[in-house]
Every structure is written in C-alpha cells, then in structure tokens.
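Take a look at the structure below.
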Amino acid sequence: MESQSYYSNRRRIRANAHIRELASSVYLNHKTFIQPLFVDESIYTRTPINSLYEVNSDTIDSMLLQIESDIQSGVTKFLLFPVPLKKTENNFDFSFVLKALKAIRENFGNTIWVAADLCLCAYTSHGHCGVLNEHKSAVLNDTSVKIMADYALQLAQAGADCIAPSDMMDGRIHAIRTILNTNGFDNKAIMSYSAKFSSQFYGPFRDACKSTPAKDCLISDRKSYQSSPFNGIDAILSTIRDIEEGADMVMVKPALAYLDIIQKIKEQTQFPLAAYHVSGEYQGIELLAQQQLVERSKAHIEVWTAIKRAGADIIISYAARHAQNWIKEINY
Ligand code: PBG
C-alpha cells in the first residue's frame, strides 16, 4: 500500500505480541485491586451467593480462611460488607462487624489492609441507606450522618484501616473525618463512594446483603440520595465536595457505564480514584462466560483495562482474587 503519511501504517505496531506489549498504554497490576468480602451473621457455614458466581457469604471463621487463601492469591486489600442478623429501624447493633474486624486484626495484623463499608442499608428493615422520617417518605440526612459517624468511630476502634461510606448522605465525610480526628484516629483513611449512581447493576449485591429497598415505603428506590445517571455533573460535584470535606480516596460506581465520569474526575481532581466494577457488571460477564459467549478471564481483563484507561487507579472487583494470575497470563 502506498503510504499517505507516517501514520497510515497502523499494522506495524500490531504485528506481534512483543511490539503490542511494548506499545501498550495501560498495564494492570494486581496490587491495585480490592477484594470485597461478605460476612453474614445469620449463617453457620460458608454459603454461596447464587446471583454472584463463585462469591460466598462467610461466617467470621470462614472469612478468615477466605482471607488466608486470598493472600495466597496475591490479594492484600479488602472491602468488608457485614450482613447483620437483626434488621431494625433504629438503635442499630454494630457488634457483629466489630467482632469480624477484631478477628481480622488478631489473625493477620497489618499484613493486609481492610476498608470497612459504612452504610445502614444492611441494618435497616426497609433497606434504605439511612433512617426514615415517621411517614417513611424520606431518608433523614443529618440523623443518618450522626449514626454513621458514630459507627465509623467504632469501625476505626475495631481495627479498620479505612472507612468507606457508601450511603450518599450530604456532609458525612466531614462528620466522619471530625469524629475520627477528635478521637485520635487521624491516621485512618476515608475512601468515599463519592460518585455513586442510582443503578440497575446492584441487584446481586442486594441479594447478598438482603438490602433491597422495601416496596411498602413511600420511597422505594434510592434516587433521592444516589446520583442520577442523567446528571454526570452532580456526581463530579459530589466528588469534589467529598475531597473538600476530607476524603483521601474517591470512587466511581458502577464502573463500565460511567467511564466518562472516571475520566473527568481523574482529570479534574488528580485524587486517588477507585472504580467499583459492581455485582451486576461482574455477574453479566459470568453469565456470558457460562454460556461460552466470552472467555471469563479475558472479558474481565478487557473491562479492567478499560477502567484503567479511563483513569482509575484502584479497581474493586469480585474477581480481584484472580487478578494476579489472570494478569500474568495476558496475551498482548
Ligand atoms: C449501598 C451499597 C451498594 C453497593 C455497595 N454498597 C448499592 C446499593 O444497594 O445501592 C453495591 C455493590 C455492588 O453491587 O457490587 N450501601
């Protein structure tokens, strides 16, 4: 082919694996992955989560075994989701997750890093991320923030390295930073779910946490506190606000449908940015793989690469425990 310009030959750079590897603009590293864990007070033995392939709900004991095997697979960072036995409207009992955190610290010391998800949705009988007003028509912002700030302090005392609020109330980062600092925990990080969208893709997670918003409330979805997919600017402003309030790391969630938001937040803030490849996104790949329509590992790698290319530093994935192996096997 007669060349029009130096750029017209694009196949030279694609010619073989060596040059493709050299010319890659993104490399994945398993060290930047976080593995979610579900620890459930209502079970006596490890229980598979049917809607989340290969992911289990753990007892405290089986969680410790899971962490041990994850460490063997190269995982050192975890995000802990508690599923308490008792659901109430108020006066929440956080003791189960505190026990889980203490067990982690006793068994693993500081060889692993644990972020504790901070939200009320697994605790409330109605499944909302905060407490409701008496008519059950609205989530009360400041009342919920106060409860969650106290909860954050307990998580820090129990040994969490990082507090990860996922509730999307206003002012929570400031409240959490303040209570941590005034109690001598200024070394504990905050990873804010700052750009968290009201999404269809949380379905399997809500199964696992039994946290689907109840249909008998006057509000039956999370649109009044999670960001709208139709308003990308809100998610960006929410992230900038959380940074100003003291967040150390910020997050976009879900990941794949919001790559534009990842890119913009990274460009605008330069802050450490996590992307949460959420349960429905994960399970979508798993269902395709089960029908042999995609190769499981390669499909995850492709999506993770897209998330990195968009600008995320950190990837939260239910398949984080495969990251080291799968990345090693990448065929460029
Ligand atoms: C809510 C919360 C959600 C997830 C983590 N924390 C979503 C929700 O129910 O609104 C979703 C994670 C996933 O889908 O993997 N506190």
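The values are calculated or read from the model by the stated rules, or taken from the named source; none is laboratory data. This structure is a prediction, so every number in the text was calculated from the model and none was measured. Cβ sites come from the backbone with ideal geometry, for glycine too, and all protein chains shown count toward neighbours.
Looking at the range 273-298, which of its residues are buried (at least 17 other Cβ atoms within 10 Å of the Cβ) and either within 17 Å of Asp260 (Cα to Cα) or hydrophobic (A, V, I, L, M, F, W, C) (or both)?
Leu273, Ala274, Ala275, Tyr276, His277, Val278, Glu281, Ile285, Ala289, Val294
Given Gly159, Gly130, which one is more than 15 Å from the ligand (Cβ to nearest atom), of a type in the set (Gly, Ala, Ser) and either closer than 21 Å to Lys223 by Cα or surrounded by fewer than 21 Cβ atoms within 10 Å (Cβ to Cβ) (or both)?
Gly159
Report the residue count in the range 23-58 for those that are of a type outside the set (A, V, I, L, M) and closer than 18 Å to Glu329 by Cα.
The number of residues fulfilling the criteria is 8.
Exactly one condition in (1) under 24 Å from Ile261 (Cβ atoms); (2) in contact with a Ser or Thr (Cβ under 7 Å, 6 or more places away or on another chain); (3) not acidic (Asp, Glu) is false for Ser166; which is it?
In the conditions (1) under 24 Å from Ile261 (Cβ atoms); (2) in contact with a Ser or Thr (Cβ under 7 Å, 6 or more places away or on another chain); (3) not acidic (Asp, Glu), Ser166 misses (2) alone.
Report, ordered by the first and then the second residue, all pairs with beta carbons closer than 6 Å, sequence separation of six or more or different chains, a first member in the range 114-134 that is at pLDDT 95 or above, and a second member that is of a type in the set (Phe, Trp, Tyr) and not in a loop (DSSP other than H, G, I, E, B).
Final answer for the pair search is Val114/Phe78; Asp117/Phe81.
Tally time: how many residues in the range 67-86 are of a type outside the set (A, V, I, L, M) and either touching a Gly at 6+ places or on another chain (Cβ under 8 Å) or not in a loop (DSSP other than H, G, I, E, B) (or both)?
Here the count works out to 8.
Determine which member of the set Tyr318, Tyr332 is of a type outside the set (A, V, I, L, M, F, W, C), in contact (Cβ under 8 Å) with a residue 40 or more places away in the chain and away from the ligand (no atom under 16 Å from the Cβ).
Result of the check over Tyr318, Tyr332: Tyr332.
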